[in-house]
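First the structure, in the form of structure tokens, and then the observations on it.
The values are calculated or read from the model by the stated rules, or taken from the named source; none is laboratory data. Worth saying up front: this structure is predicted, and the values here are computed from it rather than measured. Cβ placement follows ideal geometry from the backbone for every residue including glycine, while neighbour counts extend to all protein chains displayed. Surface accessibility is based on the protein's heavy atoms, side chains included, excluding ligands, DNA and RNA. Shrake-Rupley method; radii C 1.70, N 1.55, O 1.52, S 1.80 Å.
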Amino acid sequence: MIKKNNKKIRKNNFLRISCVVIGLNSSKTIFDCLKSIKNSNYKGDIEIIYVDGGSTDNSVDLAKRINGVKVVQLKQENPTPGRQRNAGWKIAKGNYVHFFDGDIVVKKNWIKEAVRAINEKNKILAVCGIRREKFPNKNWYHFITDLEWDNDIGEVEYSGAEILVKRSIIKEVGGYDANIIAGEDPLFSFRIRQKGYKIKRLNKIMGYH
């Protein structure tokens with residue numbers, strides 16, 4: 001009986017993570033993306049929110065096929081990633097939010113690794129990792145793109161689209177800029193650092209593009 005209670009206590013100590021995934025006409029990738037998050041080996045609660053930017057393909061239908069995924073449909077004349085991410089984190093229930101683009105297949109152990117790297121005492125409250133091309137040798141485009149995913153490791157100034165952040169900090173910095181169509185990720189990173197918080201990039205693969 002004591003062992004069972006101890007297990008329950010340990011499980012309750014896990015952070016609840018809300019994964020906000022954005023997409024627009026992402027029917028080729030969104031199902032695999034959402035499924036990979038659902039199959040994570042993280043032992044805590046994971047909430048999955050898919051925010052669709054107004055797709056005209058069957059992205060929404062594919063997302064709804066995965067049990068437990070919350071789907072938010074935005075009707076936007078001028079869709080932006082920032083607007084989609086803001087819509088997601090504002091309804092998220094987790095104390096940490098992990099943002100993903102809908103074209104990545106997340107590694108099974110990534111969320112667990114990201115959560116382990118959080119260090120509130122040292123103000124490391126935003127964590128990212130390394131993206132890779134699934135088939136880097138397919139052609140020159142994939143090869144060059146894979147090289148471009150190489151970034152600095154350790155404490156960094158900027159992250160890409162995939163980042164785990166404490167929800168209270170997202171609120172503190174005002175979320176993402178909803179009005180720009182590109183460059184919202186570096187600006188978001190800048191706002192985090194401006195408040196005195198740190199961003200850490202692990203030397204670990206988050207997932208494959």
Ignoring ligands and nucleic acids, what accessible area does H209 show with a 1.4 Å probe (Å², nearest 10)?
70
Can you pull the accessible area of K195 for me, 1.4 Å probe, Å² to the nearest 10?
100
Share of carbon and sulfur in the accessible heavy-atom surface of the range 57-116 [1.4 Å probe, %]
43
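Evaluate the charge dipole of the range 16-107 about its Cα centre and quote only its size in Debye, nearest 20, assuming +1 on the Cβ of each Lys and Arg and -1 on the Cβ of each Asp and Glu. Could you put the intermediate results ahead of the total?
Values: 14 positive and 9 negative charges, 70 e Å.
In total the dipole reaches around 340 debye.
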The range 1-131, accessible area per residue, ligands and nucleic acids excluded (1.4 Å, Å²)
52
1.4 Å probe accessible area per residue over the range 146-209, in Å²:
53
